[in-house]
Amino acid sequence: MEEVTTASRKDDHIRINIEEDVQFKSVSNGLDNLYFNHNALPELDLDDIDTSITLLGKKLSMPLLISCMTGGTPKAGHINRILAEAAHHTGIGLGLGSMRVALEDSDSVDSFKLRHIAPDILLFANIGAVQLNYGVTVDDCRKLVDLSGADAIVLHFNPLQEALQDEGQTNFSGLLDQVGNVCEVLGRDGIHVVAKEVGWGFSEETCRSLANVGISAIDVAGSGGTSWSQVEMHRSSDNSAKRVSSVFADWGISTLDAIHNARRGAPKATCIASGGLRNGVEVAKCLSLGATAAGMAHPFLQSAMHSTEQVLGTIGEIEQQLRVSMFCSGVSTVSDLQQLSLLRRK
């Protein structure tokens with residue numbers, strides 16, 4: 001059997017996300033039944049709406065991130081450059097895909113080097129947290145930040161994906177202490193460490209544990225969007241493994257519940273909402289629930305398969321949806337939006 005490399009797996013993930021239907025079927029992000037109290041007399045000029053925020057010390061034009069996706073292959077590098085161009089032109093943040101491959105193969109590093117394209121954006125390096133139990137060190141984490149010119153590093157948590165992956169790494173024992181060590185050492189250099197799920201959300205207890213060891217921000221990445229159990233199901237050539245993966249199609253904590261978990265379990269950590277978000281109204285809802293910013297991946301991956309212009313168009317639509325949501329809720333700033341309470345449909 002041909003050995004599966006980290007690089008080939010990345011291209012598999014891109015292909016499957018584009019060609020197959022791997023979205024959650026019967027589970028939503030949880031935001032469907034929430035709505036804003038419509039203000040028919042907002043006493044505002046739409047042109048005066050200010051969507052800018054500061055996240056982890058960097059100014060963003062709006063509270064939006066292109067969530068961590070890919071890197072490490074020529075195809076992934078092309079996608080990353082398109083995403084970086086779009087982030088630069090619009091002033092939003094960008095997360096790199098897992099950079100484990102950059103530690104394994106120096107030829108892959110260029111796909112993560114985007115600072116010459118986007119010198120001022122908020123940029124996140126990224127490595128799987130479980131890699132800390134498989135030889136990745138704090139110095140490796142610092143190396144990933146340095147080679148990408150990132151402002152912070154994401155440690156992503158994906159136990160279900162690893163458990164279903166033919167070549168998955170599943171030793172998560174003692175991992176919290178390892179995460180704490182990364183936070184302590186990198187924190188002395190002013191490098192923020194972000195904890196991110198990949199689509200199944202964080203419990204309140206996990207959020208509390210991560211905050212207690214020094215995590216700066218929690219990207220909740222709840223269920224409702226891309227189901228990575230189904231991505232791995234499509235990757236596998238073994239029918240038994242496919243059947244095992246298939247029953248986890250609706251596993252996970254919704255984005256709505258995961259935001260609540262982060263706010264209760266880690267109230268001092270920055271909350272980033274992601275997981276099945278598809279438009280600016282959902283971004284606005286997440287901010288009203290207590291998130292500082294929101295991330296999306298799938299809409300931007302689809303656009304990036306075509307051109308930078310299509311990604312710019314997608315970002316522009318999300319921004320206008322957010323602005324109109326704020327206008328029709330009677331608030332002109334994101335901080336005011338975060339003070340609003342959502343209503344629940346009966």
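Pick out which of V334, V244, V138 has the largest mean-square fluctuation in a Gaussian network model of the chain, springs linking Cα atoms closer than 10 Å.
Looking only at V334, V244, V138, the largest GNM fluctuation is found for V244.
Contour minus end-to-end for D120 and N181, with contour as 0.36 nm per residue of separation and end-to-end as the Cα-Cα distance?
Between D120 and N181, full extension yields 19.1 nm more.
Can you sort W228, W251 by how many other beta carbons sit within 10 Å, fewest first?
Lowest to highest Cβ neighbour count: W251, W228.
Could you list Y35, Y134 in order of exposure, starting from the residue whose Cβ has the fewest other Cβ atoms within 10 Å?
The fewest-first ordering by Cβ neighbours comes to Y134, Y35.
Given the options N33, N133, N261, which has the most mean-square fluctuation in a GNM of the chain, springs set between C-alpha atoms less than 10 angstrom apart?
N33
Taking a cut-off of 17 Å between Cα atoms, list the aspartates and glutamates near K25, but don't count ones fewer than 8 places away on the same chain.
Of all the aspartates and glutamates, those that pass the test against K25 - Cα under 17 Å, at least 8 places apart if same chain - are E232, D250.
Among the listed pairs K143/K268; K196/K242; K75/K242; K10/K113, give every one whose C-alpha distance is greater than 22 Å.
K143/K268; K196/K242; K75/K242
Under 20 Å between alpha carbons, and skipping anything fewer than 8 positions from K346 in its own chain: which lysines qualify?
Straight-distance partners of K346: K285.
In nm, give the distance between the simple-model label positions of D139 and N37, each being 7 Å from the Cα along the Cα-to-Cβ direction.
5.8 nm
Given R₀ = 30 Å, what would the calculated FRET efficiency be for D238 paired with S341, taking r from the Cβ atoms and rounding to 0.05?
Calculated value: 0.05.
Can you give the angle from 0 to 90° between the axis of helix 255-265 and the longest principal axis of the chain, with both taken from C-alpha atoms, to the nearest 10?
Result, in degrees: 90.
Roughly what would the spin-label model give for D107 and D166, points 7 Å off Cα along C-beta, in nm?
Between D107 and D166, the label points sit 2.2 nm apart.
Each reported figure results from applying straightforward, stated rules to the coordinates on display, with no laboratory input. What you see is a predicted model, and the numbers here were worked out from it, not measured in a lab. Don't worry about glycine lacking a Cβ; one is built from the backbone with ideal geometry, like all the others, and counts go over all protein chains shown.
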